[in-house]
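Data block below; observations after.
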Amino acid sequence: MNDSSNQLDLAIIGAGAAGLAAAIFAAEEKPGLRIALLDGASRIGAKILVSGGGRCNVTHDVVQPDDFNAPHHWVKHVLAAFDERRAIKWFASLGVELKREATGKLFPVTDCARTVLEALLNRCEQLGVDMRCGHRVKAIHCIDDGGGSAVSADNRRDACPTGFDITFGHGRCTAKQLIMATGGRSLPKTGSDGSGWRLVETLGHTVTPTHAALAPLVLESSFMHASLSGVSQDVTLSTFVEGKRVDQRTGSLLWTHFGVSGPVVMDASRHWVMAKDTGRRAAIQCSLLPGKDFGAAEAMLLEQANRQPKQPIGKVLSVALPQRVIEGLFKHGEVNATTPMSQLSRETRRRVAHLLTELELPIVKHRGWNYAEVTAGGVPLKEVRFQDMQSKKTPGLYLIGEMLDCDGRIGGFNFQWAWSTGYLAGRGAALSFGGRSQIAGHGAAHETTETTESGDLRSPTKWGA
Ligand SMILES: Cc1cc2nc3c(=O)[nH]c(=O)nc-3n(C[C@H](O)[C@H](O)[C@H](O)COP(=O)(O)OP(=O)(O)OC[C@H]3O[C@@H](n4cnc5c(N)ncnc54)[C@H](O)[C@@H]3O)c2cc1C
């Protein structure tokens, strides 16, 4: 412990997207600070490398609070400080040019996630950030200004600890300020196994139940999905919990050997998973005719029966659906695809309309944490100040990224959350050492918003919240 390299100004635990961003912004704000990134993994950035199918979907063309599952006004403040435009400029300054795809997703022009990781690591190195992998943090204690004695949980706020004592596998270090960026539970082999939540609980925080989100869904093996494996199509998915519709969205679904995947499934999954995890009845209904309900489908079938009475139903539907889907669906629903439209009985017509627009997916489970891209749940946002991500429980502690109870939809939003919160905390922690600018000066949004002593928002009407 006498080793000065273990007496840090700022320790950042977790060197994922959020931790790397925080380190860069802190070091840029206050050159000369002794900053170390501690990560339990043997290699830094494994999750960035596999993200976006190995291409890293860095952010989205338009990022709005509605893209996140979290209080709207809170996310709005975070994005106001560092939005997608700033992220694009920031990456350009790091030498990473981004391109926009038709979906609005932004990727590096190299189509290679390594470009993003290397740019972040190079910048950390240039700025003198001490990168320590193989440093799995096991315990954190607050220390007071009397020289190292622990501050009790109850007195933590009043006592205002002057630092943190951090124990990792093979040693200890101290830090005056501490940023926690330990992520969630998705893809645990990258090092993100949820252990960071146990650490912040010892520092006074709560953690809401955590659930897999952006996860593929496994269907009953007797369903038709295996025969459609590889087919992708646009659908509308409606999620019902205890019979009430809680979510509806349209997008691309991919049939796979195990069930369903693709953006629309991944986005819908959190609602189904959360309901199931909490013992509630949940179901997802699929309309294979995006945006059309039962009534619209039946009307369409009647109209086609008048227009082309001799055409077989399978042929008529091939204008709207892939052939393999028609075959699988009719086999599943026991409908003869060769029946001419004029000979469809009312009952069969209604059965087809039901199959086309109210197809219930027989979901068994989500595909597991190795396939879920993010975590729903975590440390409630209300326990953190939106101005700088500082803990309201333990001064000098900052929480960022996926460990917070905020998950974005698919499309680059989760990385944007990591960059934005990393920016706020990195800058905030650096400025606590005395700096050139005020935290409240990020822009009009921050200047015009009053906060209570505890940091809660006071001007919800301004944001329409
Ligand atoms: C397969 C996959 C693809 C994805 N693709 C995209 C995409 O293209 N676009 C997008 O926006 N989002 C994507 N995401 C989501 C995105 O990767 C995450 O939301 C984001 O990486 C979270 O960043 P983070 O820094 O908060 O946490 P993480 O990236 O999870 O980093 C946490 C770090 O903390 C370390 N750590 C944890 N506990 C400890 C401890 N006790 N001691 C020391 N270190 C510890 C871990 O080793 C890890 O390095 C994807 C996720 C997955 C799994």
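The values are calculated or read from the model by the stated rules, or taken from the named source; none is laboratory data. What you see is a predicted model, and the numbers here were worked out from it, not measured in a lab. Here Cβ is always computed from backbone atoms with ideal geometry, including for glycine, and neighbour counts include all displayed protein chains.
Taken residue by residue, the range 258-272 has at least one member that is more than 17 Å from the chain's Cα centre (by Cα), under 30 Å from Glu298 (Cα atoms) and surrounded by 19 or more Cβ atoms within 10 Å (Cβ to Cβ).
With respect to the stated conditions, Thr103 is of a type in the set (Ser, Thr, Tyr) and farther than 26 Å from Ala23 by Cβ. Can you confirm whether the range 178-192 contains a residue that is within 9 Å of the ligand (Cβ to nearest atom) and free of Cβ contacts under 8 Å to residues at least 12 places away in the same chain? No, every residue in the range 178-192 fails to be within 9 Å of the ligand (Cβ to nearest atom) and free of Cβ contacts under 8 Å to residues at least 12 places away in the same chain. The set of residues from the range 40-52 being out of contact with any His (no Cβ under 8 Å at 6 or more places or on another chain) and over 20 Å from Ala268 (Cβ atoms) comprises Ala41, Ser42, Arg43, Ile44, Gly45, Ala46, Lys47, Ile48, Leu49, Val50, Ser51. Restricting attention to the range 203-245, the residues that are in contact with a His (Cβ under 8 Å, 6 or more places away or on another chain), surrounded by fewer than 17 Cβ atoms within 10 Å (Cβ to Cβ) and assigned to a loop (DSSP other than H, G, I, E, B) add up to 1. Screening Gly251, Gly291, Gly295 for residues that are more than 19 Å from His211 (Cα to Cα) and at pLDDT below 95 leaves exactly one candidate, Gly291. Is it the case, given these coordinates, that Gly251 is of a type in the set (Gly, Ala, Ser) and without any contact (Cβ under 8 Å) to a residue 40 or more places away in the chain? Spelling it out, Gly251 is indeed of a type in the set (Gly, Ala, Ser) and without any contact (Cβ under 8 Å) to a residue 40 or more places away in the chain.
If you go through the range 172-194 and keep only what is at pLDDT 95 or above and closer than 30 Å to Asp3 by Cβ, you end up with Arg172, Cys173, Thr174, Ala175, Lys176, Gln177, Leu178, Ile179, Met180, Ala181, Thr182, Gly183. Residues in the range 49-80 that are part of a helix (DSSP H, G or I) and aromatic (Phe, Trp, Tyr): Trp74 only.
Looking at this structure, is Ser437 at pLDDT below 50 and not in a strand (DSSP E or B)? Against the criterion (at pLDDT below 50 and not in a strand (DSSP E or B)), Ser437 qualifies.
Listed by first and then second residue, the pairs with beta-carbon distance under 6 Å, at least 6 apart or on different chains, first residue in the range 113-139 and under 24 Å from Gly32 (Cα atoms), second of a type in the set (Phe, Trp, Tyr) and buried (at least 17 other Cβ atoms within 10 Å of the Cβ), are His135/Phe168. Scanning the range 407-430 for residues that are in contact with a Phe, Trp or Tyr (Cβ under 6 Å, 6 or more places away or on another chain) and either hydroxyl-bearing (Ser, Thr, Tyr) or within 8 Å of the ligand (Cβ to nearest atom) (or both) returns Gly408, Ser420, Tyr423.
A residue that is small (Gly, Ala, Ser), under 30 Å from Cys173 (Cβ atoms) and within 11 Å of the ligand (Cβ to nearest atom) occurs nowhere in the range 72-83. Answer with yes or no whether Ala15 is within 13 Å of the ligand (Cβ to nearest atom), at pLDDT 95 or above and not in a loop (DSSP other than H, G, I, E, B). Criteria not met by Ala15.
Taking every residue in the range 212-227 that is among the β-branched types (Val, Ile, Thr) and pairing it with any residue that is surrounded by 19 or more Cβ atoms within 10 Å (Cβ to Cβ) and part of a strand (DSSP E or B), at least 6 positions away or on another chain, the pairs with Cβ-Cβ distances below 8 Å are Val218/Gly259; Val218/Ile363; Val218/His366. Residues Arg346, Arg350, Arg427: which one is closer than 30 Å to Phe240 by Cβ and touching a helix residue (DSSP H, G or I) at 6+ places or on another chain (Cβ under 9 Å)? Selected residue: Arg350, the only one of Arg346, Arg350, Arg427 that is closer than 30 Å to Phe240 by Cβ and touching a helix residue (DSSP H, G or I) at 6+ places or on another chain (Cβ under 9 Å). Out of curiosity, is Ser221 out of contact with any helix residue (DSSP H, G or I) (no Cβ under 9 Å at 6 or more places or on another chain), closer than 18 Å to Cys286 by Cα and of a type outside the set (Val, Ile, Thr)? Yes; evaluated as a whole, the condition is true for this residue. Within the range 358-406, the set of residues being within 18 Å of the chain's Cα centre (by Cα), of a type in the set (Gly, Ala, Ser) and either more than 11 Å from the ligand (Cβ to nearest atom) or within 15 Å of Gln177 (Cβ to Cβ) (or both) comprises Gly368, Ala376, Gly377. Tallying residues that are surrounded by 16 or more Cβ atoms within 10 Å (Cβ to Cβ), of a type outside the set (A, V, I, L, M, F, W, C) and closer than 24 Å to Leu237 by Cβ within the range 328-348 yields 1. For the range 113-126, does any single residue satisfy the condition of being in a helix (DSSP H, G or I) and acidic (Asp, Glu)? Yes, the range 113-126 contains a residue that is in a helix (DSSP H, G or I) and acidic (Asp, Glu). On the stretch given as the range 374-406, residues that are buried (at least 24 other Cβ atoms within 10 Å of the Cβ), assigned to a helix (DSSP H, G or I) and touching a helix residue (DSSP H, G or I) at 6+ places or on another chain (Cβ under 6 Å) total 2.
Output yes when any residue across the range 36-47 is more than 13 Å from the ligand (Cβ to nearest atom), more than 24 Å from Gln387 (Cα to Cα) and not acidic (Asp, Glu), and no when none is. No, because not a single residue in the range 36-47 is more than 13 Å from the ligand (Cβ to nearest atom), more than 24 Å from Gln387 (Cα to Cα) and not acidic (Asp, Glu).
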